[in-house]
Amino acid sequence: MTFTNKRLIALNVQGMTGKKKDYTSLPYSRIQAFSVETAGVFDLDSEMELWFSGLGRVKLEFARGVDIRGLNRLIGDHVL
């Protein structure tokens, strides 16, 4: 996952060998709504859901230790 000043670029590795990769460019200007769920005691990952015009819902999962609040601010600054 890469966050730029205009979009986020998602990488989805597919297949058993991991050789097949899907890159998706998601512009901030198309985000209609977003939500963030922080990691808990038993749930070790954080989640962010983004709703895009013309695309629908995209769910992103982040490992423990990722600054999800910082990502929330970044998205908020570009969308709001």
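The values are calculated or read from the model by the stated rules, or taken from the named source; none is laboratory data. Keep in mind that this is a model prediction, so the values were computed, not measured. Note that we place each Cβ from the backbone using ideal geometry, even for glycine, and neighbour counts take in every protein chain shown.
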* Say whether the condition of being in a helix (DSSP H, G or I), farther than 13 Å from M1 by Cα and out of contact with any helix residue (DSSP H, G or I) (no Cβ under 9 Å at 6 or more places or on another chain) is met by at least one residue in segment 47-55. => no
* Asked: Which of the following residues is surrounded by 13 or more Cβ atoms within 10 Å (Cβ to Cβ) and of a type in the set (S, T, N, Q): S25, S46, S29?
  -> S46
* Structure fact -> Only unsatisfied item for L26, checking (1) over 14 Å from the mean Cα position of the chain (by Cα); (2) closer than 15 Å to L74 by Cβ, is (1)
* M16 surrounded by 10 or more Cβ atoms within 10 Å (Cβ to Cβ) and either outside any strand (DSSP E or B) or touching a residue at least 12 places away in the same chain (Cβ under 8 Å) (or both) -> no
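Quick one: which of V41, V66 is modelled with pLDDT under 90, surrounded by 12 or more Cβ atoms within 10 Å (Cβ to Cβ) and in a loop (DSSP other than H, G, I, E, B)?
Of V41, V66, the one residue that is modelled with pLDDT under 90, surrounded by 12 or more Cβ atoms within 10 Å (Cβ to Cβ) and in a loop (DSSP other than H, G, I, E, B) is V66.
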